[in-house]
Amino acid sequence: MFYEVAFFQYLSQERRFSTHTLAAYRSDLTGFIQFCQDKQCLNSVAGLRHLHIRAWVVYRMETGDQPRSISRRLSCLKTYFQFLKKRGHIEKDPMKKVTPPRVGKALPVVLQESQLDALFTHLEFGDDYAGAQHRLILELLYATGIRRSEASALKWSDIDASRMIIRILGKGGKERFVPLPGYLLQLFEAFRTQHQAMFPSTDQPWIFMNRKAGRMSPESLYSVVRK
């Protein structure tokens, strides 16, 4: 007995997993149980050991699964065996002796200077507020190298025009100052005029704002970059 029905009731009713996550877990666990029954001749979790899980990992690798995909499947099994131990169906968690395969970090995609020059030279951003904001976002990220979350959190008070620097609040609340090129400072000054015209009565401090006069989220900001 593998208690898969009780496990999915637990995920759905107690853990409140989404329909999408439940479907993924169901697929992963069904495949694992099928492997245990067909390849390891197991009929219940009672005889299941870490060696069976390791054999399943090797099997998944031989069928073409990438380390990232296997790690995701193991995440399902980790939750599954924690549930079984919590309910008293097993005494020891076999996942304690299973190490997921290393997932290599993808190399960042780096744009060439000529590509950026072409972007700012040939792309029509538009003269309206949205066009000016999109251009400023791209120019800012390119000139300073700050994170999208840091750009999203920028306030007008962070700009020091006299010293030509911009204050950045990074991870862990660490503060640093980044040089502000002259051309970028001019873009900020021109954009501020459009910003005040777009939101004449707002008291929000954010530089980049959405149409509802709220702070632009890092996700929305990055969608501008992708576009």
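The table below gives the values:
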item	result
Where only alpha carbons of the chain are counted, the Rg and the Dmax (Å)	26.1, 75
Quotient of Cα Rg and 2.2 N^0.38 Å for region 1-127, N being how many residues it contains	1.53
Region 47-182: equivalent-ellipsoid semi-axes (sqrt of 5 x gyration tensor eigenvalues, Cα, Å)	50, 21, 13
Positive-end extreme of charge dipole, the chain - chosen from Gly31, His89, Ala6 (charges on Cβ)	His89
Full-extension gain in nm, Ala130 to Val5, via 0.36 nm per residue minus C-alpha separation	39.9 nm
Computed E for Arg68/Ala213 - FRET, C-beta separation, R0 45 angstrom, nearest 0.05	0.70
Heavy-atom accessible surface of the chain: percent carbon and sulfur, 1.4 Å	51
Mean separation of Cα contacts under 8 Å, 6 or more apart, over the residue count of the chain: relative contact order %	14
Per DSSP, loop trypsin sites (Lys or Arg not before Pro) in region 1-68 with at most 16 further Cβ within 10 Å	Arg15, Arg16, Arg49
Contact order normalised by residue count of region 59-162, Cα under 8 Å, 6+ apart, percent	16
Whole-Hz couplings from phi, Karplus 6.51/-1.76/1.60, listed for region 43-60; x for Gly and Pro	10, 7, 6, 4, x, 7, 10, 4, 5, 5, 5, 4, 5, 5, 4, 4, 4, 5
Restricting region 1-95 to GluC sites (Glu not before Pro) in coil, as DSSP defines it, with at most 12 other Cβ within 10 Å	Glu91
Cα-projected label distance for Ile33 with Arg49, points at 7 Å along beta-carbon direction, nm	2.4
Those trypsin sites (Lys or Arg not before Pro) in region 125-199 that DSSP places in a loop and that have at most 12 other beta carbons within 10 Å	Arg163, Lys174
D_trans [Stokes-Einstein, Kirkwood Rh over alpha-carbon pairs] for region 105-227, 10 °C, 1.306 mPa s, µm² s⁻¹	104
Debye intensity ratio I(q)/I(0), log10, region 161-203, q values 0.31 Å⁻¹ (C-alpha model)	-0.94
Under Karplus coefficients 6.51, -1.76 and 1.60, residue-wise ³J(HN,Hα) of region 82-96 in Hz, glycine/proline x	5, 5, 4, 5, 4, 8, x, 7, 9, 8, 10, 8, x, 5, 5
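The values are calculated or read from the model by the stated rules, or taken from the named source; none is laboratory data. Since we're looking at a predicted model, the values are computed, not measured. Note that each Cβ is placed from the backbone with ideal geometry, even for glycine, and that neighbours are counted across all protein chains shown. Calculation scope for accessible area: heavy atoms of the full protein, side chains included, ligands and nucleic acids excluded. Shrake-Rupley method; radii C 1.70, N 1.55, O 1.52, S 1.80 Å.
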